[in-house]
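**Q** The structure that follows is given in the form of C-alpha cells.
Derivation of every value follows stated rules applied to the coordinates shown; laboratory data play no part. The shown structure was predicted, so the numbers you read here are calculated from the model rather than taken from an experiment. FYI the Cβ positions are ideal-geometry reconstructions off the backbone, even for glycines, and counts take in every protein chain you see.
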Amino acid sequence: MDQLDINIISLLQKGGTATNAEIAKHTGVSEETIRRRRGRLIRDGYMKIVGVPNAHKLGFEVQAMIALQVDANKLDSVAEELAKIDVITWVIISTGSVDVFAWTVLPSIGDLSELLASRISHVEGVRRTETFVSISIIKDSPGVLVTPDNN
C-alpha cells in the first residue's frame with residue numbers, strides 16, 4: 001500500500017459510488033491506474049465495496065449489543081455459534097469482564113427477546129448475558145477510517 005492506495009480508499013469511504021474517473025481527477029492519475037489499483041485493493045482484501053442499508057428505513061427498530069460471559073473452555077465455540085446466527089452481524093472475543101460481544105439489528109423488541117431466549121440461551125457454554133439496547137445512534141461509520149494523513 002502506498003499513498004495513492006490510501007487516497008483511493010479514503011475517497012471511497014466518503015462516497016462508495018465514486019467512479020474511477022472521479023477518483024482519477026481528484027488524485028491526479030489516470031483512470032486506468034485507478035481501475036487497476038481499485039481492483040487490486042479489492043482482490044487483495046484491503047477493502048470491499050458493499051451497500052450498507054439504513055436499518056431504520058427498512059423497519060429494523062432495535063439495535064442491541066449483547067455482552068456474554070462464557071465458560072473459558074468454550075470461548076471459541078460460543079463465538080463461532082453466535083457468528084452462525086444470521087441476525088447477529090458482529091461478534092468479537094474480548095478481554096475484561098465480558099468474554100464475547102455480539103451486535104444485532106432486529107425489527108422489534110419481541111424479536112430480540114426471541115433471539116435471547118430461543119437461540120443464545122441454548123448455546124453451550126453461555127453463562128450469562130447482558131443486553132444493551134440502543135436508544136439513539138450518534139455515529140455509525142462502518143470499517144476503519146483511512147485518511148491520507150493517518151498512515
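**Q** If G59 meets every condition in (1) without any contact (Cβ under 8 Å) to a residue 60 or more places away in the chain; (2) at negative phi; (3) not β-branched (V, I, T) apart from one, which number is that one?
**A** Looking at each condition in turn, G59 falls short on (2).
**Q** Follow-up question, since we're still on this one. I want to confirm something. Restricting to segment 113-151 and keeping residues that are closer than 16 Å to F60 by Cβ and of a type in the set (D, E, K, R), which single residue is surrounded by the most Cβ atoms within 10 Å (Cβ to Cβ)?
**A** Applying the filter and picking the extreme gives E114.
**Q** Let me ask something else about it. For residues that are under 18 Å from E81 (Cα atoms) and out of contact with any Phe, Trp or Tyr (no Cβ under 7 Å at 6 or more places or on another chain), scanning just segment 103-112, find the one that is surrounded by the most Cβ atoms within 10 Å (Cβ to Cβ).
**A** That would be T104.
**Q** A further question on this structure: Within segment 15-34, how many residues turn out to be farther than 22 Å from G143 by Cβ and surrounded by 15 or more Cβ atoms within 10 Å (Cβ to Cβ)?
**A** Matching residues across segment 15-34 total 3.
**Q** What are the residues in segment 35-48 that are within 27 Å of K139 (Cβ to Cβ) and surrounded by fewer than 11 Cβ atoms within 10 Å (Cβ to Cβ), if any?
**A** Scanning segment 35-48 gives G45, K48.
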